[in-house]
Amino acid sequence: MLSRVLSGAVHGVDAYLVRVEADVASGVPSFSTVGLPQGAVREGKERVVAAIKNSGFELPPRRITINLAPADVRKEGSAFDLPIAVGILASTGQLTDGRLEEYVLLGELGLDGTLRPVRGTLPIAVEVRARGLKGLIVPGHNVPEAAVVSGLHVVGAEALREVTAFLTARFEPRTPEPRLAATEKANGAPQADLADVRGQEYAKRALEVAAAGSHNVLMIGPPGSGKTMLARRIPGILPPLSLEEALETTKVHSVAGVLGEGKSLVGNRPFRAPHHTITDAGLIGGGSPPRPGEASLAHNGVLFLDELPEFRRNVLEVLRQPLEDGDVTLSRAALSLTYPARFMLAAAMNPCPCGYQGDPTHRCSCSPQALTRYLGKVSGPLLDRIDLHVEVPAVRYRELTGLRPGESSQLIRERVCRARERQRDRFADLPSIFANAHMRPRDLREHCRLDADGDALLRSAITRLGLSARAYHRILKIARTLADLAGSAEIHSAHVAEAVQYRSLDRVPAG
């Protein structure tokens, strides 16, 4: 007898439906799975057989064939355990298939028939709704995640017995209410506040500019100057996640399996800080089966690279595509995947190998050759994609012991949000541009016109400081953001003067 059960799988961060066909026929007892099953899917037959028997059902000694369609796409993961078991029960007459055409089934089975959570529930739920199906049956831990998709009947079950009871209309579990984004944000973890940082007013201002225009930023300073502390407070001054951004971010975290038990939406902007020993696959994604990397997990948030020159050069070079395009494409012999990776890059480094070049209280012990090698570890093309170079000096004693708190992240965020609103209005007809940092050269000519004084000042800076054409475009973008923060439609000389200060690595002595 033949039965069909609907399931789902994920390709990148998008989902597709899989039809699980189960055929139980007379013949030599066997259990075979076809349709390009990989790893955990092939092993699933042992879990399915034990779960069926230990749940009180019978498994007749017959030839069992499972087909996963479409058969030309590789199937990964353990989520097919539940639909395969239900398909076998339907084929052996132990389960009526009245509801099987209306629901998509996902779940890993334990040997005792209990259901365990799986990855990728949210993108599959989105696909189920798009296909016009009634609902989704998932393990109980995955219910909050799937319930985010409105208009979908989500059924949470703890064991195979509960699933069969629901499919035969003998059990009706309580359907959870979808969580709204605002509710999830209210339940999010509190974020670190810039008011905790003593001193460093110049660096705080630079981070405000970076957040307002979505500019990448590099902080340069001696050990202990507060570079990491500042970076960890960047998400708190970025605009709150919109519902669309929260769904995009949650899909990536769901596919990677890092969403967290019982969590429905990512409520705060991500902050990812990988160690400098990370591999290129760990940074942009890969592995077998492929998973999103740190760059994609930072989507709509911040990717922080501390001790930037300590990262292997080949690892840093793979960041060039996501910094340019906002996504990561993994091309392999058997498949090609694309993960979203639109993030704000924040990096930190010492000014020299020992960290004390230019520090008035410590003597630098680095030779010119060592300094050249150290700075050369970060390639020009990567620096080309970083708009702001911020010097973060050591904090003075009187700043550390001062009683007056600094400006709070909430006040800074309000200014950042107003600046972003101006940018959204400006780029309303350009869907590929989300902020000033994403402007192309032709956009600069249209949106970054300088007044006479600003033009004269920039011309002088280019000549006297030896700034490159690359620095020229970066200064225009930063100046545009500074004007937005000031509520000005025009870019004035004051905006240009401040923007020039944020390009310290481009300055060379005049000849």
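Which residues, taken from the range 48-89, are outside any loop (DSSP other than H, G, I, E, B), open to solvent by 40 Å² or more (accessible area, probe 1.4 Å) and basic (Lys, Arg)?
If the condition is that a residue be outside any loop (DSSP other than H, G, I, E, B), open to solvent by 40 Å² or more (accessible area, probe 1.4 Å) and basic (Lys, Arg), then 53, 63 are the ones that fit.
I need a count of the residues in the range 303-329 that are part of a strand (DSSP E or B) and either within 19 Å of residue 435 (Cβ to Cβ) or of a type in the set (A, V, I, L, M, F, W, C) (or both).
Pass one, the range 303-329, residues part of a strand (DSSP E or B): 303-305, 327-329.
Now restrict to residues that are either within 19 Å of residue 435 (Cβ to Cβ) or of a type in the set (A, V, I, L, M, F, W, C) (or both): 303-305, 327-328.
Residues flagged as part of a strand (DSSP E or B) and either within 19 Å of residue 435 (Cβ to Cβ) or of a type in the set (A, V, I, L, M, F, W, C) (or both) within the range 303-329 amount to 5.
Go through the residues of the range 468-483 one by one and say whether even a single one is over 33 Å from the mean Cα position of the chain (by Cα) and assigned to a helix (DSSP H, G or I).
No, because not a single residue in the range 468-483 is over 33 Å from the mean Cα position of the chain (by Cα) and assigned to a helix (DSSP H, G or I).
Among the residues of the range 1-22, which ones are of a type outside the set (A, V, I, L, M), farther than 14 Å from residue 130 by Cβ and surrounded by fewer than 17 Cβ atoms within 10 Å (Cβ to Cβ)? Steps first, please.
Taking the range 1-22 as the starting set, the residues that turn out to be of a type outside the set (A, V, I, L, M) are 3-4, 7-8, 11-12, 14, 16, 19, 21.
Still in the running and farther than 14 Å from residue 130 by Cβ: 3-4, 7, 11-12, 19, 21.
Within the range 1-22, 19 is the sole residue that qualifies.
So residue 401 fits all but one of (1) open to solvent by 80 Å² or more (accessible area, probe 1.4 Å); (2) over 20 Å from residue 342 (Cβ atoms); what number is the exception?
Status for residue 401: all satisfied but (1).
Here are some conditions: (1) in contact with a strand residue (DSSP E or B) (Cβ under 8 Å, 6 or more places away or on another chain); (2) surrounded by 19 or more Cβ atoms within 10 Å (Cβ to Cβ). Residue 266 meets all but one. Which one does it not meet?
(1)
For the range 428-462, which positions are over 32 Å from the mean Cα position of the chain (by Cα), in contact (Cβ under 8 Å) with a residue 40 or more places away in the chain and either in a helix (DSSP H, G or I) or loosely packed, with under 13 Cβ neighbours inside 10 Å (or both)?
Result: 453, 454, 457, 458.
Could you please find all residues in the range 397-418 being within 12 Å of residue 207 (Cβ to Cβ) and of a type in the set (A, V, I, L, M)?
Correct list: 412, 416.
Considering 95, 106, 136, 115, which residue is crowded, with 20+ Cβ neighbours inside 10 Å, at pLDDT below 90 and touching a strand residue (DSSP E or B) at 6+ places or on another chain (Cβ under 9 Å)?
Details: 106 fails: at pLDDT below 90; 136 fails: at pLDDT below 90; 115 fails: at pLDDT below 90.
So the residue among 95, 106, 136, 115 that is crowded, with 20+ Cβ neighbours inside 10 Å, at pLDDT below 90 and touching a strand residue (DSSP E or B) at 6+ places or on another chain (Cβ under 9 Å) is 95.
Could you tell me whether any residue of the range 347-368 is under 26 Å from the mean Cα position of the chain (by Cα), loosely packed, with under 14 Cβ neighbours inside 10 Å and modelled with pLDDT under 90?
Filtering the range 347-368 down to residues under 26 Å from the mean Cα position of the chain (by Cα) leaves 347-349.
Keeping just the survivors that are loosely packed, with under 14 Cβ neighbours inside 10 Å gives none.
Checked against the condition, which is being under 26 Å from the mean Cα position of the chain (by Cα), loosely packed, with under 14 Cβ neighbours inside 10 Å and modelled with pLDDT under 90, the range 347-368 yields no hits at all.
The values are calculated or read from the model by the stated rules, or taken from the named source; none is laboratory data. Only a predicted model underlies this, so the values are computations on that prediction, with no experimental measurement involved. Note: ideal-geometry Cβ built from the backbone for every residue, glycine included; neighbour counts use all protein chains shown. In case anyone asks, the SASA skips ligands and DNA or RNA and just uses the protein heavy atoms, side chains included. Shrake-Rupley method; radii C 1.70, N 1.55, O 1.52, S 1.80 Å.
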